[in-house]
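Input: a single structure, listed below in structure tokens.
The values are calculated or read from the model by the stated rules, or taken from the named source; none is laboratory data. A quick note: this is a predicted structure, and the numbers were derived from the prediction, not measured. As a convention, Cβ positions derive from the backbone with ideal geometry for all residues, glycine included, and neighbour counts pool all protein chains shown.
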Amino acid sequence: MKKAFFQTVAMLLALASILVLLPCCSSEKTKTVMELDGVGIGADVYRYWLSSFKYYFDTNYEDIEDTVECWNKEMEDGTTIGQYVEAYTLQYAKSVLCALKLFKQYKLKLPKSVENSIDEQLDELVKYQYGDSKSAFNSALMSTYGMDMKGLRRAFIMEAKVDLVESYLYGTGGKEAPTDAEMDAFFKENYIRINLIMINTSYELVLGENGLPQYDEDGEPKIKEYTEEEIAAKKTKADEAQKKAEQGEDFAELVKKYTELDIKERPNGFYISSNDYETLVKSGYDSSSLTAVLKLEEGAVYRHEDEESVVIVKRLPLIEKAYTSKDDADQFEQMKGYLITEKYNALLSSMWDDIVIDEYVHTLKTVDVKKGFI
């Protein structure tokens, strides 16, 4: 299910900062539109990125569709959705260019295995999507992106070089690899700890004598829907739990007493970061509630209520170096990657001012460029 763009764009704008239709002709293949110290990006690759991001936003956000009206729709800050995608693409292209400069500066070489993998990826696209017809694939590429297979391969190679520079700098043994002090600082600056009480207000599973769920003839778990009186009682229970939480009663004890969610495997609660935002929303979390929880002050309580449940959330103090503890370490599997991305984005964006950009880039408008398909 696609998520709502206008509910998440503010968060995306913050994350992105850490990170007139013209006829397609042969000159676009060779025209350099961005340059930095002898390294350049061609117009065809830039158009490919803009089209691809257009596809991404249209595919992933339920209130975006590929229409002139939608791309021209203004957000709260007066920027249109199309202008946002164009700016997003420009930032991405600038970062890629800076990484390519570093690739050249560090005299790195892309492993043959990586190039082979890219060639295999292209072969798979031709084989399974275009009946093994390279001419059909090239026609689709030219129609949409203004490039052929060689141009697409060039774009894939560029992106692989970006990854290699990141690994070279920040991977194991890399000269810019995160230190213990940086990891701890990142943890304290980016994570919050919460715990929650969840009370069902719609239905419950029907359990057998063994305490396990029972199933119907279709293999679906049997449920018992609550009556209006039972729902009212459940909400009264939630009101009571919320009041006690706001009055400062021991939240761990309140969880034991009130929650109907089995969270025994999380004795210290849950750790979340704004970096987890997209992943959590895609997995089904309500975006507005998640945003509200991320903004909670320590000790504050938040209530989320929908047709199925009431959830009482409280923000708790961080536990020192929780990312190394046996109880909580699995909640931080992405933390090092988030830190590396932050460091890498900061390095690349520090070089943006030195980039020479051709005016042609600004003539490419989301509202006119075709939506990508890769």
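Some notes on this structure:
- Single unsatisfied condition, Thr172 versus (1) in a helix (DSSP H, G or I); (2) more than 30 Å from Glu298 (Cβ to Cβ); (3) not acidic (Asp, Glu): (1)
- Residue within segment 118-137 that is at pLDDT 95 or above, within 30 Å of Leu339 (Cα to Cα) and either in a loop (DSSP other than H, G, I, E, B) or not aliphatic (A, V, I, L, M) (or both) present: yes
- Tally, over segment 327-351, of residues that are surrounded by fewer than 19 Cβ atoms within 10 Å (Cβ to Cβ) and either part of a loop (DSSP other than H, G, I, E, B) or among the small types (Gly, Ala, Ser) (or both): 9
- Qualifying residue in segment 313-326 (condition: in a loop (DSSP other than H, G, I, E, B) and closer than 19 Å to Ala43 by Cα): no
- Qualifying residue in segment 142-153 (condition: under 30 Å from Asp328 (Cα atoms) and either touching a strand residue (DSSP E or B) at 6+ places or on another chain (Cβ under 6 Å) or not assigned by TED's automatic domain parsing to the domain that holds Ala232 (or both)): no
- Where Glu298 falls short, out of the listed (1) among the acidic types (Asp, Glu); (2) in the same structural domain as Met142 (by TED's automatic domain parsing); (3) in contact with a strand residue (DSSP E or B) (Cβ under 7 Å, 6 or more places away or on another chain): (2)
- Residue among Gly171, Gly211 that alone is on the phi > 0 side of the Ramachandran plot and small (Gly, Ala, Ser): Gly211
- Residues in segment 148-173 that are at pLDDT 95 or above, under 17 Å from Thr341 (Cα atoms) and of a type outside the set (S, T, N, Q): Glu159, Ala160, Lys161, Val162, Asp163, Leu164, Val165, Glu166, Tyr168, Leu169, Tyr170.
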